[in-house]
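Reviewing the structure listed below.
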Amino acid sequence: MNLCSTLMALTLTALVATVVADDCLVYFGTYTRGASKGIYLSRLNTKTGALTAPVLAAEVVNPSFLALHPNRRFLYAVGEQPKGGIVTAFAIDEKTGLLTLLNQQSTRGGGPCHVVVDKTGQCVLVANYGSGSVAAFPIQNDGRLGEAASFFQHEGSSVNPQRQKGPHAHGVTLDPVRPLAFVPDLGLDKVLLYRFDAAKAALTPNNPPFIAVSPGAGPRHVSFHPNGRWLYVINEMGNTITAFDAATLAAFQTVPTLPADFTGKNTTAEIEVHPNGRFLYGSNRGHDSIAVFAIDPQNGQLTLVEHQPSQGKTPRSFAIDPSGRFLLAAHQDSDNVVVFRVAADTGRLTPTVQSLEVPIPVCVVYLPR
């Protein structure tokens, strides 16, 4: 065994030996140009915010976005491949958290960028950014994926000739209350709505078929409030967040993610409502910050709390840990993941001393233990 292998084995041993009730495992999706080899694994102490050194959990090409099965035994990743998009199923080792390849399926489109597993664990849904489409795949009992049972190719364009000549599906978010899938399409300035049957991995266009944002806004991701009453759309090109009433699908507020005096180039990326429902977070790439908002518990209105520097370059993704105490920000262009402590009373973020070197990180997913 060479020195590199020995060090990795020792790191993995320490990772596994110290997983206790206050810990959870963390997977990082990456782009595999440069030093990255695939999906990386670390451990977060949810009391202190300490992160262990990352180990390679699985070698796979461009696992840019990850999703965990609700039974915590399987993990799914989308990947941009030279011949088209791939979605990969992995089995999770119960003791180590390492991943074993189960199978792969074509996403039937180019540039897959987002994947989600429904809460019953019967279906995986994928958004293809490059070709502007959405697909649903049945999950077999052993975690493997069947071929796509539903597929929809989006059509149309919007006002920006550089980025909106055609459709660009950018995510899939499932309504926590109703059988609906929300698919933001950056190229159309719409969030397309589909009726969703998890048991059949079936998508059917909804009536109404979409909700719209401002022309040129470029919707990217959707996050629901835990009460299911409100949903929030982060607009990549417009650097805004638009709030909708989930029942009526009417927009009731749009707020900027940037300070009023910022004049540089910026695009937004990730959005997440805190598990307690009191705060909302959105990332700015260019300004390199996390915008923090308070949520009015009566009407869902947003009020700016702060713009917290993200301590890295291009915060492509972030995620709040299951305890709600920490937010991990993944920086695509500075190869680091930074741990922030979340203030329970205000939602404000405080950077800790914890910063992890991960090559080209673009997704953060937690596995509670």
Kindly establish whether residue 89 is assigned to a strand (DSSP E or B), farther than 21 Å from residue 328 by Cβ and in contact (Cβ under 8 Å) with a residue 40 or more places away in the chain. yes
Output the residues belonging to the range 46-86 that are at pLDDT below 95, part of a strand (DSSP E or B) and either over 22 Å from residue 315 (Cβ atoms) or small (Gly, Ala, Ser) (or both). 81, 84
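Quick one: which of 185, 189 is under 30 Å from residue 103 (Cα atoms) and either aliphatic (A, V, I, L, M) or under 22 Å from the mean Cα position of the chain (by Cα) (or both)? Outline the logic, then answer.
Numbers: 189 fails: under 30 Å from residue 103 (Cα atoms).
Only one candidate passes the filter, namely 185.
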Within the range 152-192, which residues are among the polar types (S, T, N, Q) and closer than 20 Å to residue 85 by Cα? 153, 173
Checked pairs for the range 180-204, first closer than 16 Å to residue 120 by Cβ, second among the hydrophobic types (A, V, I, L, M, F, W, C) and outside any strand (DSSP E or B), C-beta under 6 Å and 6 or more apart or across chains, list as 181/172; 201/149
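I need a count of the residues in the range 277-314 that are small (Gly, Ala, Ser), touching a Pro at 6+ places or on another chain (Cβ under 8 Å) and buried (at least 18 other Cβ atoms within 10 Å of the Cβ). So that I can check it myself, show each step before the final result.
Step one: of the range 277-314, the residues small (Gly, Ala, Ser) are 277, 282-283, 286, 289, 291, 294, 300, 310, 312.
Adding the requirement that they be touching a Pro at 6+ places or on another chain (Cβ under 8 Å) leaves 277, 283, 289.
Pick out the ones that are also buried (at least 18 other Cβ atoms within 10 Å of the Cβ) and you get 283, 289.
Summing the residues that are small (Gly, Ala, Ser), touching a Pro at 6+ places or on another chain (Cβ under 8 Å) and buried (at least 18 other Cβ atoms within 10 Å of the Cβ) in the range 277-314 gives 2.
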Matching option when the condition is of a type in the set (A, V, I, L, M, F, W, C), out of contact with any Cys (no Cβ under 9 Å at 6 or more places or on another chain), at pLDDT 95 or above and under 20 Å from residue 172 (Cα atoms), among 294, 269: 269
Inspect the range 309-323 for any residue being at pLDDT 95 or above, touching a His at 6+ places or on another chain (Cβ under 7 Å) and more than 24 Å from residue 262 (Cβ to Cβ) and give the result as yes or no. yes
What is the residue count in the range 185-243 for residues that are of a type in the set (D, E, K, R) and either buried (at least 24 other Cβ atoms within 10 Å of the Cβ) or in a strand (DSSP E or B) (or both)? 6
Just give me the residues in the range 315-324 being part of a loop (DSSP other than H, G, I, E, B) and either without any contact (Cβ under 8 Å) to a residue 12 or more places away in the chain or crowded, with 19+ Cβ neighbours inside 10 Å (or both), in sequence order. 321
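Could you say which residue among 268, 263, 254, 303 is part of a loop (DSSP other than H, G, I, E, B) and among the hydroxyl-bearing types (Ser, Thr, Tyr)?
263
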Anything in the range 92-114 that is acidic (Asp, Glu) and assigned to a strand (DSSP E or B)? List them, or say none. none
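Tell me which residues, restricted to the range 129-144, are touching a residue at least 60 places away in the same chain (Cβ under 8 Å) and either assigned to a loop (DSSP other than H, G, I, E, B) or within 21 Å of residue 233 (Cα to Cα) (or both). So that I can check it myself, show each step before the final result.
Step one: filter the range 129-144 for residues touching a residue at least 60 places away in the same chain (Cβ under 8 Å), giving 134, 136-139, 143.
Selection gives 134, 143.
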Scanning for something aliphatic (A, V, I, L, M), over 26 Å from residue 223 (Cβ atoms) and either at pLDDT 95 or above or touching a Gly at 6+ places or on another chain (Cβ under 9 Å) (or both), does the range 90-98 turn up at least one residue? yes
List, please: which pairs have Cβ atoms under 7 Å, are six or more places apart or on different chains, and start with a residue in the range 145-173 that is free of Cβ contacts under 8 Å to residues at least 12 places away in the same chain and end with one that is among the aliphatic types (A, V, I, L, M) and buried (at least 16 other Cβ atoms within 10 Å of the Cβ)? none
Which of the residues belonging to the range 323-333 are out of contact with any Ser or Thr (no Cβ under 7 Å at 6 or more places or on another chain) and not hydrophobic (A, V, I, L, M, F, W, C)? 324
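The values are calculated or read from the model by the stated rules, or taken from the named source; none is laboratory data. Everything quoted here is computed from the prediction, not taken from an experiment. Methodologically, a virtual Cβ is constructed for each residue, glycine included, from the backbone with ideal geometry; neighbour enumeration extends over all protein chains shown.
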